[in-house]
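This report concerns only the one structure given below.
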Amino acid sequence: MKYFGTDGFRGEANKVLTADHAYKIGRFLGWYFNKEHKGRIVIGKDTRRSSYMFEYALCAGITASGSDCYLLHVTTTPSVAYVVRTEDFDCGVMVSASHNPYYDNGIKVLDSTGHKIAANIEEEMEKYIDGLTSELPFGTGDGVGIATDYAIGRNRYIGHLISLATRSYSGKRIGLDCANGSAHQIAKSVFDALGAKTYVIGNEPNGLNINEQVGSTHIETLQQLVKDKELDLGFAFDGDADRCLAVDENGNIVDGDKIIYICSKYMKKMGRLDGNHAVVTVMSNLGLFKAFERADIEYDVTAVGDKYVARDMEEKGYMIGGEQSGHIIFKKHATTGDGILTAIMLMEVILEEKKSLSELASGMKVYPQVLKNVRVTDKAAVMNDPDVLKERDAITDDLADNGRILLRESGTEPLIRVMVEAGTEGECNDYCDRLIKVIKDKGLA
């Protein structure tokens, strides 16, 4: 793909991703879904300054092609997925670059089931963007599409989240870090409605401060809040709120791996872990795999990327999967990662088990993990070099059951990633450097 990667079309606003691109995407989608009936497309956006520009460019393209456009305004990516699949829309579009800085942005397209749109449609869209297909017809007369305010869709999503909680949160003191992003209008409403006493940060977006020293990529801000206010726990979301990391009552991070462990173990106990399986990625901590084995829970390991996790879950009927970054899918309730939903699912375990978050997370030991990137001239050459592979295998033998090494290529940059988990951080660094030295000595860096 030239433009659409694993998470849509993403890049610096008006340098890589322009308003013209957004208009053409809107033109294509408006035409594609208007061929057999009046197309209905819903759009959400995060709080970046450029999101408004892209939202209106998309809307102009969609309505010019004859489809109707429904605007959720500032909302979360999972809310777009929810509205698409529950309210008879042909597709949904989310304008966001997730955890990236404000000057980046992205366009993610979802199909009518709330999943990422098919690759063949993305390929057709790219050809249209590059002028490799004939011009698309415009809607004329009463065939021009209309744009409608659809904030009610976001409100229905909030109601859906509230309905999923099994118990009141009364008496719980909870910190919420909304990353100055999409969650700022939703998370507090949900937790207040459920009876929690909320302490909120990252809820004053100005178009330029999304993810700036707040949110799941800067969780130290929430850690300090939890300790200063002596809270029961805290939740940190990213820019479009499809991720969630937690902080326990002692101010310690509970990452996506630990959340998946806690929720999988509880789901098994309650008879809800279909296939006795969870789905994780190769970047999940070795401690998670060992904790699963102790809990007699089986697991699938996919490539890095939520789309691979979602595909495996969909094909095999598994109910929970996700990434260390906090992008977690609860298949019974959502088709995508949903940060606020993840927080609600974790609260269910805390309340039903009558345990603190630190107690629940204590069953998983986190192995020290070091990841180093090596800029290379040819990723395939490194991944197939016999001396590099021989050294990787030698390190694997040295680590035995007490660690692991992972060698993989970046999907978007000319980088090779070397990740080691071992008993100490010093060991991790030593083993990483051993393999990187071979890459450099072979002249591949």
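Of the conditions (1) closer than 29 Å to A310 by Cα; (2) among the aliphatic types (A, V, I, L, M); (3) touching a strand residue (DSSP E or B) at 6+ places or on another chain (Cβ under 6 Å); (4) not assigned by TED's automatic domain parsing to the domain that holds L286, A380 fails just one. Which one is it?
Failing condition for A380: (3).
Among G337, G317, G326, G305, which is buried (at least 18 other Cβ atoms within 10 Å of the Cβ) and at positive phi?
Numbers: G337 fails: at positive phi; G317 fails: buried (at least 18 other Cβ atoms within 10 Å of the Cβ); G305 fails: buried (at least 18 other Cβ atoms within 10 Å of the Cβ).
That would be G326, the only listed residue that is buried (at least 18 other Cβ atoms within 10 Å of the Cβ) and at positive phi.
Within the stretch 422-445, how many residues are closer than 16 Å to D393 by Cα, touching an Asp or Glu at 6+ places or on another chain (Cβ under 8 Å) and either in a loop (DSSP other than H, G, I, E, B) or without any contact (Cβ under 8 Å) to a residue 60 or more places away in the chain (or both)?
The number of residues fulfilling the criteria is 4.
Could you look through the stretch 173-187, keep only residues that are in contact with a Gly (Cβ under 8 Å, 6 or more places away or on another chain) and outside any helix (DSSP H, G or I), and pick out the one that is nearest to K45 (Cα to Cα)?
It comes out as G181.
Quick check: is even one residue across the stretch 167-174 in contact with a strand residue (DSSP E or B) (Cβ under 6 Å, 6 or more places away or on another chain) and assigned by TED's automatic domain parsing to the domain that holds S356? Talk me through it step by step, then tell me what you get.
Our first condition is that a residue be in contact with a strand residue (DSSP E or B) (Cβ under 6 Å, 6 or more places away or on another chain); within the stretch 167-174, this holds for 173-174.
From the residues that got through so far, the ones that are assigned by TED's automatic domain parsing to the domain that holds S356 too are 173-174.
Within the stretch 167-174 (the criterion being in contact with a strand residue (DSSP E or B) (Cβ under 6 Å, 6 or more places away or on another chain) and assigned by TED's automatic domain parsing to the domain that holds S356), the answer is yes, since at least one residue qualifies.
Which residues, counting only those in the stretch 302-333, are touching a helix residue (DSSP H, G or I) at 6+ places or on another chain (Cβ under 8 Å) and of a type in the set (V, I, T)? Please lay out each step first, then the result.
So the first thing to find is which residues in the stretch 302-333 are touching a helix residue (DSSP H, G or I) at 6+ places or on another chain (Cβ under 8 Å), and the list is 302, 316-331, 333.
If the condition is that a residue be touching a helix residue (DSSP H, G or I) at 6+ places or on another chain (Cβ under 8 Å) and of a type in the set (V, I, T), then T302, I320, I328, I329 are the ones that fit.
Read through the list (1) touching a residue at least 24 places away in the same chain (Cβ under 8 Å); (2) over 23 Å from N105 (Cβ atoms); (3) polar (S, T, N, Q), then give the number of the only condition that T140 fails.
If we test T140 against (1) touching a residue at least 24 places away in the same chain (Cβ under 8 Å); (2) over 23 Å from N105 (Cβ atoms); (3) polar (S, T, N, Q), just (1) comes out false.
Scan the stretch 147-169 residue by residue and report those that are surrounded by fewer than 17 Cβ atoms within 10 Å (Cβ to Cβ) and of a type in the set (G, A, S).
A147, A151, G159, S163, S168
Scan the stretch 188-205 and give yes if some residue there is under 17 Å from F237 (Cβ atoms), charged (D, E, K, R) and part of a loop (DSSP other than H, G, I, E, B), otherwise no.
Yes.
Taking the stretch 260-282 only, how many residues are buried (at least 21 other Cβ atoms within 10 Å of the Cβ), under 24 Å from A422 (Cβ atoms) and out of contact with any helix residue (DSSP H, G or I) (no Cβ under 6 Å at 6 or more places or on another chain)?
Of the residues in that region, 3 qualify.
Residues are listed down the side, and each one gets a yes or a no for (1) touching a strand residue (DSSP E or B) at 6+ places or on another chain (Cβ under 9 Å); (2) closer than 30 Å to E425 by Cβ:
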| position | (1), (2) |
| --- | --- |
| A278 | yes, yes |
| N285 | yes, yes |
| A291 | no, yes |
| R294 | no, yes |
| D306 | yes, yes |
| K316 | yes, no |
| S325 | yes, yes |
| I329 | yes, no |
| T335 | yes, no |
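The values are calculated or read from the model by the stated rules, or taken from the named source; none is laboratory data. From a predicted model like this one, the values you see are computed outputs, not experimental measurements. Using ideal geometry, Cβ is built from the backbone for each residue, glycine included, and neighbour counts are taken over all protein chains shown.
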